[in-house]
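K.L.:
Okay, here's the structure, questions in a sec.
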């Protein structure tokens, strides 16, 4: 995995978390496949939230002049794939993530360390 792909994966993971995506993971898949260096996988609570996360990821990439080669699944909103070239994001609603289980499918891929999510202020619920 390139250093650039790892940094982008960390940024995309943070963007997803900022929109309250859950169970956000980043995987270094470059040694296991030729089509990407890294994946970001995130869970949204609804199709609307999944689209908001996807929109934010695309906007973040465009702001930094990074490639977005395509977006698939946006209209349905259950599994949205954002192709950033060497980085691919998968934004799922809960039941779709459980069904497709990419975490198990790519279990051999090393996790890219992410910063711990910020703690919520006392009395505030996620």
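Derivation of every value follows stated rules applied to the coordinates shown; laboratory data play no part. Predicted model, so just to flag it, every value in this text is computed and none were measured. Using ideal geometry, Cβ is built from the backbone for each residue, glycine included, and neighbour counts are taken over all protein chains shown.
K.L.:
Can you tell which of 13, 61, 115 shows the greatest fluctuation in a Gaussian network model of the chain with Cα springs below 10 Å?
P.N.:
For the chain, modelled as a Gaussian network with Cα springs under 10 Å, the answer is 115.
K.L.:
If we count other beta carbons within 10 Å of each Cβ, what is the order of 105, 87, 27, fewest first?
P.N.:
So the residues, fewest neighbours to most, are 105, 27, 87.
K.L.:
Taking 0.36 nm per residue of sequence separation and subtracting the Cα-Cα distance, how much length would be gained by fully extending the chain between residue 62 and residue 116, in nm to one decimal? Each step should come with its number before you reach the end.
P.N.:
Values: separation 54, 0.36 × 54 = 19.44 nm, distance 2.54 nm.
Value of the extension gain: 16.9 nm.
K.L.:
From the Cα trace of the chain, what convex hull volume per residue do you get, rounded to a whole Å³? Before the final figure, lay out each step's value.
P.N.:
On the way: hull volume 13.5 nm³, N = 126.
Given the Cα convex hull of the chain, per-residue volume reads 107 Å³.
K.L.:
Which angle between 0 and 90 degrees, to the nearest 10, do you get for helix 3-18 versus the longest principal axis of the chain when only C-alpha atoms count?
P.N.:
20
K.L.:
Now, a different point. Students often get this wrong: which residues of the range 65-93 have the backbone nitrogen under 15 Å from the point 7 angstrom along Cα-to-C-beta of residue 4?
P.N.:
Correct set: 65-69, 84-88.
K.L.:
While we're on this one: Based solely on its DSSP helices, what 222 nm [θ] is calculated for the chain when runs of n ≥ 4 H residues each add -39,500 (n - 2.57) and the sum is averaged over all residues, nearest 500 deg cm²/dmol? Working shown, then result.
P.N.:
On the way: 4 runs with 44 residues, N = 126.
So the calculated ellipticity at 222 nm is -10500 deg cm²/dmol.
K.L.:
Does anyone have the angle between helix 47-63 and the longest principal axis of the chain? Alpha-carbon axes, 0 to 90°, nearest 10?
P.N.:
Its long axis makes an angle of about 50 degrees.
K.L.:
Give the order of 20, 60 when sorted by the count of other beta carbons within 10 angstrom, beginning with the fewest.
P.N.:
Values: 20 13, 60 19.
Ranking 20, 60 by Cβ neighbours within 10 Å, fewest first, gives 20, 60.
K.L.:
Here is a further query. Please state the relative contact order of the range 12-100 as a whole percent: Cα pairs under 8 Å, 6+ residues apart? Don't skip to the end; give the middle numbers.
P.N.:
On the way: 178 pairs, mean separation 25.7, N = 89.
Normalised by residue count, the contact order of the range 12-100 is 29 percent.
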